[in-house]
Amino acid sequence: MKLPFVLDEGASAKAAIGVIVLQNDETLESEVSPAIQRSGAALYHSRIPCAREVTAETLAQMAADLPYAASLLPSACEMDVVGYACTSGATVIGPEKIAAAIHQHHPNAKTTDPITAVTAACRHLGAKRLGFVTPYVAEVSAAMQALLEKSGFTISAFGSFEQSEEAVVARITHQSTYDAICQVGELDGVDVVFASCTNLRSFDVIERAEATMGKPVITSNQALAWHMLRLAGLPTLSMGPGRLFRTSGE
């Protein structure tokens with residue numbers, strides 16, 4: 001029996017958002033997906049190979065693999081936005097090279113990455129003095145700090161778990177992340193706390209930390225989800241946790 005059917009515009013009728021996730025990332029999809037799905041957009045994932053340890057050299061190697069990873073996103077629907085989901089990788093590779101790699105296969109897509117998204121989020125909240133929390137080894141943290149300062153921000157406080165393995169970062173407890181955010185954020189001269197790394201679990205502690213400190217918290221996954229929605233022309237209010245998703249300005 002041949003059954004009749006009717007076609008529509010598919011799951012991506014409202015917007016198609018692609019995200020390139022690290023092979024070793026265990027956190028991003030579970031945090032970002034609900035925020036995108038609430039908006040009615042379709043979210044598509046691709047994976048990119050990455051080394052076990054996070055160093056400047058291993059992060060730079062991902063630049064060569066980006067075009068192929070982007071090509072694995074669906075081609076039947078045009079991507080509205082494609083995000084490369086690695087904060088440290090985006091710092092080392094650079095947003096311009098990331099955009100060029102993605103545009104080889106999705107020429108009309110808007111592009112972003114966590115460090116670009118965090119910069120946009122800080123400006124959206126009017127924050128200039130950052131408390132900076134990372135899980136990284138010193139060379140990776142230093143490169144990110146330099147980029148943030150070049151973008152016009154002041155790093156008023158800094159703390160790191162000093163880990164090089166993604167598997168370790170993905171298993172840092174929510175309580176440890178909360179404690180770190182509050183320890184850095186309660187220091188004088190901090191407008192907002194930025195907790196970096198897409199593998200660092202954060203969504204469950206953002207609002208609790210904000211309530212404790214009386215200051216906004218921005219994390220890599222939160223900022224990336226927020227920025228991808230904005231670039232897709234979709235509303236962000238109440239789509240995710242924290243003051244970032246409660247502040248209008250669309």
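The values are calculated or read from the model by the stated rules, or taken from the named source; none is laboratory data. Not measured: the values here are computed from a predicted model. Ideal geometry is used to build each Cβ from the backbone, glycine not excepted, and the neighbour counts take in all protein chains shown.
Determine whether Thr154 is over 23 Å from Ala117 (Cα atoms) and either out of contact with any Asp or Glu (no Cβ under 9 Å at 6 or more places or on another chain) or without any contact (Cβ under 8 Å) to a residue 60 or more places away in the chain (or both). No, not satisfied. Of the residues Ser164, Ser156, Ser160, the single one that is among the hydroxyl-bearing types (Ser, Thr, Tyr) and modelled with pLDDT under 95 is Ser164.
When the stretch 1-21 is examined, which residues are found to be at pLDDT 95 or above and touching a strand residue (DSSP E or B) at 6+ places or on another chain (Cβ under 9 Å)? Correct list: Ala15, Ala16, Ile17, Gly18, Val19, Ile20, Val21. Evaluated against (1) part of a loop (DSSP other than H, G, I, E, B); (2) hydrophobic (A, V, I, L, M, F, W, C); (3) free of Cβ contacts under 8 Å to residues at least 24 places away in the same chain, Leu200 falls short on exactly one condition, (3). When we screen Val82, Val140, Val133 for residues that are more than 21 Å from Ser33 (Cβ to Cβ) and under 15 Å from the mean Cα position of the chain (by Cα), the only hit is Val133.
The rows are residues; the columns are (1) assigned by TED's automatic domain parsing to the domain that holds Ala167; (2) closer than 23 Å to Ala138 by Cβ; (3) among the charged types (D, E, K, R); (4) out of contact with any Asp or Glu (no Cβ under 6 Å at 6 or more places or on another chain).
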residue	(1), (2), (3), (4)
Val184	yes, yes, no, yes
Leu187	yes, yes, no, yes
Asp191	yes, no, yes, yes
Thr198	yes, yes, no, no
Asp204	yes, no, yes, yes
Glu207	yes, no, yes, yes
Thr212	yes, no, no, yes
Met228	no, no, no, yes
Gly233	no, no, no, yes
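Taking the criterion of being touching a strand residue (DSSP E or B) at 6+ places or on another chain (Cβ under 8 Å) and either crowded, with 22+ Cβ neighbours inside 10 Å or closer than 20 Å to Thr154 by Cβ (or both), the residues of the stretch 164-181 that qualify are Glu166, Thr177, Ala180, Ile181. Listed by position, the helices (runs of 4 or more DSSP H) inside the stretch 1-116 whose residues that are outside the structural domain of Cys197 (by TED's automatic domain parsing) and touching a residue at least 60 places away in the same chain (Cβ under 8 Å) number at least 3 are 28-38, 87-93.
For the condition surrounded by 23 or more Cβ atoms within 10 Å (Cβ to Cβ) and under 30 Å from Glu78 (Cβ atoms), what is the one hit in Gly240, Gly185, Gly233? Just a single option satisfies the conditions, and that option is Gly240. Residues that are at pLDDT 95 or above, surrounded by fewer than 17 Cβ atoms within 10 Å (Cβ to Cβ) and closer than 16 Å to Ser196 by Cβ within the stretch 53-108 are absent altogether.
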